[in-house]
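In what follows, a single structure is set out as structure tokens and then discussed.
The values are calculated or read from the model by the stated rules, or taken from the named source; none is laboratory data. The structure displayed is predicted, hence computed values, not measured ones. Glycine gets a Cβ as well: all are built from the backbone with ideal geometry, and neighbour counts include every protein chain shown. In case anyone asks, the SASA skips ligands and DNA or RNA and just uses the protein heavy atoms, side chains included. Shrake-Rupley method; radii C 1.70, N 1.55, O 1.52, S 1.80 Å.
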Amino acid sequence: MSGEALALPRVQCPNHPDAILVEDYRAGDMICPECGLVVGDRVIDVGSEWRTFSNEKALKDPSRVGDAQNPLLNGGDLTTMISKGTGAASFDEFGNSKYQNRRTMSSSDRAMLNAFKEISTMADRINLPRNIVDRTNNLFKQVYEQKSLKGRANDAIASACLYIACRQEGVPRTFKEICAVSRISKKEIGRCFKLILKALETSVDLITTGDFMSRFCSNLGLPKQVQMAATFIARKAVELDLVPGRSPISVAAAAIYMASQASAEKKTQKEIGDIAGVADVTIRQSYRLIYPRAAELFPPDFKFDTPVDKLPQL
């Protein structure tokens, strides 16, 4: 089915189609601000109703219509609760209530809701924006409904979906960063990541050294000049094929170390390793590969505090 067939009709004023309609919540009307025409009426407010009555203050939850509608859950998360009967017609001859509440939420909806909460918690811990949370929720829903990862923990699937969403939105995070905010091992997240890509027949762009550079340098408190030099060094090292088989994260860490050592803002391998999530020995191995051609790697306008020939040889 084409995307046009799924699109909902847009509510707009026939005389002013570009005008942004004003919603009157009390009357439930959509009004054109240009001519005052009521374009739509009886609009349903799906938010919570926060009315408080004098005799209920501080005693009851004033939200009397439940949570806001969630389109990711089956049935839009709309449920009905039947109150306890009081009259004789509400009970059968054995005294049992005739009208009872069934399970108010299906087990699949409950599992998805728990996963959405876990995703939101993980995203908050590493300061990810709302659009990444929404994409992660959609990915998890697709995987869960396909039942292609049966036997895998929902938390592991949620963590892998968060990793994929970050990559797809152009703000990749490392497996170690995702692992640090979840309760799942790096190995399990990696397994789920590969299975999800295969199940959804999707792909992610290859990560590069530039994807992490600005964040790592910012967390280290390095100035813009050092960040630009580190980015240039890493890109040049990859172009000259000096670091074959090395991960972009370790190359970025080595480039930051080299740029910082040449500047006044010197950082140790341990400081960089703690931020980048790589071991000191990994930084040293990548640094040794690029050190012999260090003079070619720095940008022409870089202001050296320490000359190239005085850089640490490790």
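Kirkwood Rh over alpha-carbon pairs of the stretch 150-238, then Stokes-Einstein at 20 °C and 1.002 mPa s: what D in µm² s⁻¹, rounded to an integer? Could you put the intermediate results ahead of the total?
Working: Rh = 14.5 Å.
It diffuses with D of about 148 µm²/s by this estimate.
Please report, in cubic angstrom per residue, the volume enclosed by the convex hull of the alpha-carbon atoms of the stretch 96-203. Numbers along the way, then the final one.
Numbers: hull volume 13.3 nm³, N = 108.
Spread over its residues, the Cα hull of the stretch 96-203 gives 123 Å³ apiece.
Could you state how much accessible area Phe212 has, in square angstrom rounded to the nearest 10, with a 1.4 Å probe and all protein chains kept in place?
0 Å²
Cα-Cα over 24 Å: which of Lys147/Lys198; Lys266/Lys310; Lys176/Lys270; Lys194/Lys224; Lys186/Lys267? Show your work: numbers first, answer last.
On the way: Lys147/Lys198 13 Å; Lys266/Lys310 13 Å; Lys176/Lys270 16 Å; Lys194/Lys224 36 Å; Lys186/Lys267 27 Å.
Distance filter (> 24 Å) returns Lys194/Lys224; Lys186/Lys267.
What does the charge count near Arg288 come to, summing +1 for each Lys or Arg and -1 for each Asp or Glu among other residues with Cβ under 14 Å from its Cβ?
Details: positive: Arg246, Arg284, Arg293; negative: Asp280.
With Lys, Arg at +1 and Asp, Glu at -1, the net is +2.
Given that compact globular proteins tend to follow 2.2 N^0.38 Å, what is the ratio of the alpha-carbon Rg of the stretch 101-158 to that value?
Values: Rg = 12.3 Å, N = 58, 2.2 N^0.38 = 10.3 Å.
Taking N as the residue count of the stretch 101-158, the ratio is 1.19.
Could you compute how much accessible surface Met30 exposes when probed at 1.4 Å, giving the result in Å² to the nearest 10?
Here the accessible area works out near 40 Å².
Using the alpha carbon gyration tensor of the stretch 169-314, what are the three equivalent-ellipsoid semi-axes (square root of 5 times each eigenvalue), largest first, in whole Å?
Values: eigenvalues 173, 49, 38 Å².
Each semi-axis is the square root of five times an eigenvalue, giving 29, 16, 14 Å.
For the stretch 167-276, what % of the accessible area comes from carbon and sulfur atoms, probe 1.4 Å? Can you show the working numbers first?
Working: 2740 of 5360 Å².
Answer for the stretch 167-276 is 51 percent, counting heavy atoms of protein chains only.
What list of ³J(HN,Hα) couplings, whole Hz, do you get for the stretch 213-229 from phi and the Karplus terms 6.51, -1.76, 1.60, once you set θ to phi - 60° and write x for glycine and proline?
4, 5, 5, 4, 5, 5, 5, 8, x, 8, x, 4, 4, 5, 4, 5, 5
For the stretch 206-273, would you read off the P(r) tail past 14 Å as a percentage of all alpha carbon pairs? Provide the component values of the computation, followed by the final result.
Working: 1138 of 2278 pairs.
When all Cα pairs of the stretch 206-273 are counted, 50 percent exceed 14 Å.
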